[in-house]
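Inspection log for the structure reproduced underneath, given as structure tokens.
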Amino acid sequence: MPGETHFLSATEIAHAVGGRALSAVEVAQAHLARIAREDGALGCWLRVDEAGALAQAEAVDRAVARGDHLPLAGVPVGLKDLFVTEGLETTAGSRILAGWIPPYDGTAVARLRRAGAVILGKLNMDEFAMGSSNENSAYGPVHNPWDPTRVPGGSSGGSAAAVAAGLCALSLGTDTGGSIRQPASLCGVVGIKPTYGRVSRHGVIAFASSLDQVGPLGRTALDCALALEALAGHDPLDATSIDAPVPRYTDACREPVEGLRVGVPESFFCAAGLDAQVGALVRAAIGKLESLGARVVPIELPNAEHSLATYYLIAPAECSSNLARYDGVRYGLRVPSGDLGQMYKATRAAGFGPEVKRRIMLGTYALRTGYYDAYYLRAQKVRALIKRDFDRAFEACDVIATPTSPVAAWQLGERTIEGCGDPLAMYLADIYTISCNLAGLPGLSVPCGFVDGKLPVGLQLLGPPLGEANVLRVAAGYQRATDWHTRHPASTVGGAA
Amino acid sequence: MSRYEPVIGLECHVQLQTRSKLFSAASASFGGEPNDHTDPYTLALPGTLPVLNRRAVEYALRMALATGCRVRRVSRFARKHYFYPDLPKGYQISQYDEPYAEGGAIGFLLDGQPRRVALTRIHLEEDAGKSTHVGGAPTSLVDLNRAGVPLIEVVSEPEIRSAKEAAEYLRALRQLVRWLDICDGNMEEGSLRCDANVSVRPVGATTLGTRTELKNMNSFRHVQQAIEYEVARQTALCERGERVVQETRLWDADRGSSHPMRSKEEAHDYRYLPEPDLPPLHIADEEVERARTSLPELPLARRARFVERLGLTDQDAALLTTERPIADYVEQVIAAGADGKRAANWVASEVLRELNRAERSIADCPIAPPALAGLCRLVDDGTISGKIAKDVFGKMWASGRGAKEIVEAEGLVQLTDEAAIEAACRAAVEANPQQVGKYRAGNDKLIGFFVGQVMKATRGKANPEMVNQMLRRLLS
């Protein structure tokens, strides 16, 4: 088995390492070697912590030998570079944090470590999680493993691509408007954004605080369930975290889909930007669920069409506030320049990329005195309506099924402002994912086929608040009945993957 | 008399003396090496989140209830944005349109007359750090020890009509926060800070004039002087037909004048945003009730009770209720068996004088309440005279010994034996035939001479009243 561990599932690795059939060190070494070989062409990793990973792996092997039960024993994990890691540089994909070495671990990272996961390093992302293609990283783009001329999606582009390419078994991402689900869809992996507050945001660099949520990406729903069991739960260090018991998500994954009601918003399939092949694949996936015994019910989400506009007021407003701390005074980049005001301007001008600046300006504008009611407050009212739509829809169904992304992965440069001159082109990539964040609901993307037989497509499943178990259950049931997730992209250096 | 009247409102920042900061576990205490009292949250490191300190809420609640505010069961925190190096997050977490407390009033005496100044609101917020600008240096120094210390901001209605009234309001507010044990009220160290909004208008007008905001006043005297200066400045402008400019002005105590800091045009747009990292602040009915029942009797009520029950003058009652520990001390002396009025008089005169002289607080008083009660009882039951009692008090203060012990050890027990007093009086009369003659000739005042002789002979121990009566009988 050594050397062939990279497409084992996290569940399999944890079982093998826990049963001492494999050592955590072997698994880590195999993945580190594969990263060294494959990632040059992909750009998933901003930092590989080889020494740290091997030390953790050794510690896991010792703990296992002592008889400790570790649910993620030896599972190699990558972290989106938005997760604060003690002693390991954390940049949020931005120049403004280059060289910043945090003095603490966030809660999600600490929980992964405690569960026996081995953290291999930090993954590329759109700067401060703002973007849908990973092209807004200050450290270069990520290439989609299925076609390196194409984007992996974003903002957790590195997290999705690394899992798809077998560079780690699990990764952590964050999802503010689709940033876990959309890249998962474009890279052909599973990614879940839990209910807002289900996983602590402590130690996660903030983009839009009322929308940000942490979640795992893996190649199977069961792997995501395993990770979520370790991650979820109340954290006294995050006042918005939910104090509710954590269900056995892995048990839920083993339950049949039969009898569940799957809501389908027909209007989502009539959207102008929906690729015909994507629409057909998602409909076929819904048909598959029906064949597994689920009951399809039509639902309506009349205010969902306002999601994009609502999101682009709330998220920039919060980001303009959250990013005020990057002022060159205490950490990160400082560009000395004249007086204090000039230092602020020079530092932020040099430190932030164009998309981050655009959103800071949008948010600052929306929050000006006299404009608050017309913009931010109005957006919050629409947000409440969107949430109410979902509340009503979930009276008639257990999960909602939609496309994750209207299109499969596009060419690098195709939708950037430089490439097409239209900032909204990129924003439209998130039309199906954003309403879930506005309503605070759990949402997941699971692979459901390939456009032209080569570019992955994702089925999005949404649940009511704290409805992760059913969402994972449907995804796992679908994966048992399909084999999309067993296909892997070809090696970037030639030969079989 | 000026044709203009001042309209003054005060905004007071009260630091709550909790152990940790409003949103993190870093120490909230004053002092320390610069940036010692910090943690990742205080430094606004990426990924940190605020966690509300419930003790601060409890303290804030005490103030709201003591001033009769309406307490919102659900209030909200908001971010107030501006860029400055001593504001690490680039925003201050405060409360904006939904403060936890509204209404209420602060009562005090102004020239002996009761006054009440209504409050607009009280809200909770975090303090900023401190910047030090070293003269001539190209850099400034930032100390974040104070950043994140809990504050309440107490905002008065513009009901104050003179600088003196403003100072009295502030004294009452300081007395109250110290009384409630939520703040030490130290204006020099900045645990209590006051900004004043000042405008003037023609007497009889009902609309408000253009106001200025005064800052940087760190004593009662400065507050009064700065407002007096500002009222005079604005009145002079108005009388010359010029306009008052809306601006923030800094008081310069050394020069005794204020100068503009920033104008309305330069004012920040704070871009308030409901704080997404904190859920709404819920204050349960039970929490309010618990705080209400644990509230001590407030200074004005205590003062009225001292006047009524103990028969004190208003002045003495005020003196004994400046600080709750002093009032408590008085009550403990009474509870230990002393007569109320006598106990109050002892504290108001001897105890406070000695504490002042020694620059000590009542908590460090070397005479515990039961010990002072013991002294009072010895006077009440005639064991010692009032005059002897003062000597005994001095010895108690110096040695920490009890009154009875001192009186017995030094033989200071008052002479009340009638035969002994008669003997001493006879001796004084017989030894001074000349004075006896003058007395009997009508010089009544000489009684004092004879009393003095008897006291001298008995080393002050004879009961003065008995000596007086005996001498009058012998001399008549």
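Throughout, read-outs are computed from the coordinates displayed, never taken from laboratory work. Values in this document were obtained by computation on a predicted structure and should not be read as measured data. Every residue, glycine among them, receives a Cβ derived from its backbone with ideal geometry; neighbour counts consider all protein chains shown.
The residue among B:A457, B:T132, B:S191 whose Cα reaches farthest toward the positive pole of the charge dipole of chain B, with charges on the beta-carbon of Lys, Arg, Asp and Glu, is B:A457.
Among A:W45, B:W397, A:W410, a tally of other beta-carbon atoms within 10 Å of each Cβ gives an order, fewest to most, of B:W397, A:W410, A:W45. The magnitude of the dipole of the stretch B:159-216, with charges of +1 and -1 set on the Cβ of Lys/Arg and Asp/Glu and taken from the Cα centre, is near 280 debye. Which shape class applies to the stretch A:393-497: rounded if a/c is under 1.5, otherwise prolate when a/b exceeds b/c and oblate if not, where a ≥ b ≥ c are the square roots of the Cα gyration tensor eigenvalues? It comes out oblate by the Cα gyration axes.
Put in order of Cβ neighbour count within 10 Å, fewest first, the listed residues A:R181, B:R233, B:R221, A:R383 become B:R221, B:R233, A:R383, A:R181. In chain B, the calculated helix contribution to ellipticity at 222 nm averages -12000 deg cm²/dmol per residue, counting -39,500 (n - 2.57) for every DSSP H run with n ≥ 4.
Summing charges over neighbours of A:A10, with a neighbour being any other residue whose Cβ is under 11 Å away from its Cβ, gives -1 when K and R count +1 and D and E count -1.
Estimated at 0.36 nm per residue, the fully extended path between B:Y82 and B:D36 surpasses their Cα-Cα distance by 14.1 nm. Taking label points 7 Å from Cα along the Cα-to-Cβ direction, A:R283 and A:Y372 give a separation of 4.8 nm. Per-residue shielding of A:390-403, expressed as the average number of other chain Cβ atoms within 10 Å of the residue Cβ, stands at 0. With a Förster radius of 25 Å applied to the C-beta separation of A:R248 and A:D68, the computed FRET efficiency comes to 0.80. If you plug the beta carbon distance of B:D328 and B:S29 into 1/(1 + (r/R0)^6) with R0 = 41 Å, you get a FRET efficiency near 0.95.
Within chain A, DSSP assigns beta bridges of which about 65% are antiparallel (rounded to the nearest 5). Computed from label points 7 Å out along Cα-Cβ, the spacing between A:R37 and B:D111 is 9.5 nm.
Only beta bridges with both residues in chain B are counted; by DSSP, about 95 percent of them are antiparallel. In the protein assembly as shown, the DSSP beta bridges split such that about 80 percent are antiparallel, to the nearest 5.
What the Cβ-Cβ distance of B:A457 and B:R171 gives, at R0 = 56 Å and to the nearest 0.05, is a FRET efficiency of 0.60.
Quick one: of A:K80/B:K80; B:K21/B:K89; A:K357/A:K381; B:K390/B:K461, which pairs are farther than 21 Å apart, Cα to Cα?
A:K80/B:K80; A:K357/A:K381
Here the stretch B:1-113 is treated with +1 on each Lys and Arg Cβ and -1 on each Asp and Glu Cβ, and its dipole about the Cα centre works out to around 460 debye. Helix B:386-399 and the long axis of chain B differ in direction by around 50°, with both axes built from C-alpha atoms.
With an a/c value of 1.5 or above and a/b larger than b/c for the gyration tensor axes a ≥ b ≥ c computed over the alpha-carbon atoms, the protein assembly as shown is described as prolate. Using the average count of surrounding beta-carbon atoms within 10 Å as a protection proxy, the listed peptides A:115-123, B:294-302 rank, highest first, as A:115-123, B:294-302. Taken about its Cα centre, the stretch B:297-409 carries a charge dipole of about 100 debye when Lys and Arg each add +1 at the Cβ and Asp and Glu each add -1 at the Cβ. The modelled label-to-label distance between B:A318 and A:C420, using points 7 Å beyond Cα along the C-beta direction, is 7.7 nm.
Across peptide A:201-210, the mean count of Cβ atoms from other chains lying within 10 Å of each residue's own Cβ comes to 4.
Sorted by average packing, counted as other Cβ atoms within 10 angstrom per residue and highest first, what order do B:253-265, A:456-468, A:228-240, A:71-83 take?
Listed from highest to lowest mean packing, they are A:71-83, A:456-468, A:228-240, B:253-265.
Mean partner shielding of peptide A:324-333, defined as the number of other chain Cβ atoms within 10 Å of each residue Cβ, is 6.
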